[in-house]
Amino acid sequence: SDMVSFETGLLLSTKGYKISEEESIMGETIKIEGKANLLYIDIPLTAKATFDVGGAKLYGTFGPYLGFGLSGKSKTEVSGGGESETEEEDVKWGSGDDDDLKRLDFGLTIGAGLALNAIEVGVSYNLGLANVSPYSDGGYKENHRVIGVSVAYKFGR
């Protein structure tokens, strides 16, 4: 209908994390900093409700998404005692003991936006439900939580 529709697509998304920790070991402060930059293909499968508001269109979306990890890099820096060591490596995808992350991600997405003529601006939030960590000792889990911002221009309008 004019108000409710179904939307899907292929989104190239960047995800990742940053950590910064300090520990004191035998009176010596050790600082650990790390980050990862990950590249994913996400496929949202959302219901979209659109409301006409004085010439503009306000919309909301909700539904599941499926993601697939393509590539990634991680960097870790450990410093203490006047020395520093940096390590950079490609992310190893899989579910084995030597792997960094599982490729498959899935979850729920919710979003809202405004369309005025051919221009559309939106914001979304993805709540990852998949445990992307191959480690599960002690109930350890890693989930993605992503805030997205989009700007679009629709040709032919």
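Some notes on this structure:
- Of all residues in the range 94-120, those satisfying the criterion of being at pLDDT 95 or above, under 16 Å from the mean Cα position of the chain (by Cα) and among the hydrophobic types (A, V, I, L, M, F, W, C) are Leu104, Phe106, Leu108, Ile110.
- Failed item in (1) within 12 Å of the chain's Cα centre (by Cα); (2) at pLDDT below 95; (3) not in a loop (DSSP other than H, G, I, E, B), with Ser124 passing the rest: (2)
- Of the residues in the range 45-58, at least one is open to solvent by 50 Å² or more (accessible area, probe 1.4 Å), closer than 19 Å to Ala130 by Cβ and at pLDDT 95 or above.
- On the stretch given as the range 59-84, residues that are exposed (fewer than 14 other Cβ atoms within 10 Å of the Cβ) and at pLDDT below 95 total 4.
- Asp42 assigned to a strand (DSSP E or B), touching a His at 6+ places or on another chain (Cβ under 9 Å), crowded, with 16+ Cβ neighbours inside 10 Å and of a type in the set (Asp, Glu): no
- Between Leu108, Leu101, Leu129, the distinction of being free of Cβ contacts under 8 Å to residues at least 24 places away in the same chain, touching a strand residue (DSSP E or B) at 6+ places or on another chain (Cβ under 8 Å) and among the hydrophobic types (A, V, I, L, M, F, W, C) belongs to Leu129 only.
- Filter result (of a type in the set (S, T, N, Q) and surrounded by 11 or more Cβ atoms within 10 Å (Cβ to Cβ)) within the range 106-157: Thr109, Asn117, Ser124, Asn126, Asn131, Ser133, Asn143, Ser150
- Residue match in the range 84-104 (condition: farther than 23 Å from Lys15 by Cα and in a strand (DSSP E or B)): yes
The values are calculated or read from the model by the stated rules, or taken from the named source; none is laboratory data. Remember, it's a predicted structure, so these values are computed and weren't measured experimentally. A quick note on method: Cβ atoms are made from the backbone with ideal geometry, for glycine too, and the neighbour counts reach across all protein chains shown. For accessibility, only protein heavy atoms count, side chains too; no ligands or nucleic acids. Shrake-Rupley method; radii C 1.70, N 1.55, O 1.52, S 1.80 Å.
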